[in-house]
Amino acid sequence: MAGNVGTPGATVAGRVMAILGAFDDQQPRLPLSELARRAGLPLPTAHRLAGELVRHGALARVGGDYAIGRRLWEIGLLAPVPSTLREAASPFLNDIHAATRATVHLAVRDGERVLYLERLAGRASVPVVSTVGSTLPLHATGVGKVLLAHAPADIRRRVLAALTRVTPYTVTQPGRLRAQLAQIRLTGYATTVEEMSLGACSVAVPVRREDQVVAAIGVVVPTLRRDRARLTAALQVAAQGIARHLGA
């Protein structure tokens, strides 16, 4: 959530960013009063700026609430790193999707969250809560665990200090998760079993560029009992192909 900018001398840009930063995956739609509160702005100021943002497509009206508009996502796609990643990954993600018929993800770390850059929906009836452009907890997803395992130490410390339970199977014990992250760095892949949503398991691997983990790709399936090795191998081949296209 954005910090309070309702102080004398706050710039228009600062107020606009406070409004946009008021939204998160838990609150993707906000009434005006809550939007103003989260942005730290007087109600009339929030109303005026929100109206301007709606006119420019940066916000949208959903019923009586406000939500992020499509124009922001269109602009976000112009950011060089995600755009390059999506372009490099696209053929490999499509190959995995065709071979597995599972939901396929491309994700990067966004602070202490995992940000989904691409999602190809699977044909099986598996509950998947991610959407393109959404963020989810690092510790409860396969791609998130990969990114957390290779994140800077201070990021890992902060995440481990605030582990939230999403399902009864979410790992919330810091010691257990710390051991899992060490294992991920050793084996090169991560798995989850119903940790983000019941009935959904995942396996994910890192994508490297110049020896740095820049993204993760993964699949979501009903179970990993039979196909974990096959899925992991397919993902690792795809990650190597993406890395080559990135110039690693």
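Every residue, every condition in (1) in contact with a helix residue (DSSP H, G or I) (Cβ under 6 Å, 6 or more places away or on another chain); (2) β-branched (Val, Ile, Thr); (3) not assigned by TED's automatic domain parsing to the domain that holds Ala140, yes or no:
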position: Gly21; (1), (2), (3): no, no, yes
position: Ala46; (1), (2), (3): yes, no, yes
position: Ile96; (1), (2), (3): yes, yes, no
position: Leu106; (1), (2), (3): yes, no, no
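Could you list, in sequence order, the residues of region 202-220 that are touching a strand residue (DSSP E or B) at 6+ places or on another chain (Cβ under 6 Å) and surrounded by 24 or more Cβ atoms within 10 Å (Cβ to Cβ)?
Ser202, Val203, Ala204, Pro206, Val207, Ala215, Ala216, Ile217, Gly218, Val219, Val220
What tally of residues in region 180-201 results from selecting those that are surrounded by 16 or more Cβ atoms within 10 Å (Cβ to Cβ) and among the aliphatic types (A, V, I, L, M)?
Total satisfying the criteria: 5.
Name the residues in region 31-44 that are of a type in the set (A, V, I, L, M, F, W, C) and not in a helix (DSSP H, G or I), would you? Reasoning before the result, please.
The initial filter retains those residues of region 31-44 that are of a type in the set (A, V, I, L, M, F, W, C), namely 32, 35-36, 39, 41, 43.
Listed by number, the list holds a single entry, Leu41.
Please enumerate the residues belonging to region 168-179 that are assigned to a helix (DSSP H, G or I) and either surrounded by fewer than 19 Cβ atoms within 10 Å (Cβ to Cβ) or in contact with a Pro (Cβ under 6 Å, 6 or more places away or on another chain) (or both).
Initial filter on region 168-179 (assigned to a helix (DSSP H, G or I)): 174-179.
Those that are assigned to a helix (DSSP H, G or I) and either surrounded by fewer than 19 Cβ atoms within 10 Å (Cβ to Cβ) or in contact with a Pro (Cβ under 6 Å, 6 or more places away or on another chain) (or both): Pro174, Gly175, Arg176, Arg178, Ala179.
Any chance region 224-231 includes a residue that's part of a helix (DSSP H, G or I) and at pLDDT 95 or above?
Checked region 224-231: no residue is part of a helix (DSSP H, G or I) and at pLDDT 95 or above.
Tally up the residues in region 221-236 that are of a type in the set (Val, Ile, Thr) and open to solvent by 20 Å² or more (accessible area, probe 1.4 Å), please. First the steps, then the outcome.
Applying the first criterion (of a type in the set (Val, Ile, Thr)) to region 221-236 yields 221, 223, 232.
Applying the additional criterion that residues be open to solvent by 20 Å² or more (accessible area, probe 1.4 Å) yields 223.
Number of matching residues: 1.
What is the residue count in region 148-167 for residues that are open to solvent by 10 Å² or more (accessible area, probe 1.4 Å) and either out of contact with any Asp or Glu (no Cβ under 8 Å at 6 or more places or on another chain) or among the small types (Gly, Ala, Ser) (or both)?
The qualifying residues number 12.
The values are calculated or read from the model by the stated rules, or taken from the named source; none is laboratory data. Just so we're clear, the structure is a prediction, and the values are computed from it rather than from any experiment. Don't worry about glycine lacking a Cβ; one is built from the backbone with ideal geometry, like all the others, and counts go over all protein chains shown. For the accessible areas, the whole protein counts, side chains as well, though only heavy atoms, and no ligand, DNA or RNA atoms are used. Shrake-Rupley method; radii C 1.70, N 1.55, O 1.52, S 1.80 Å.
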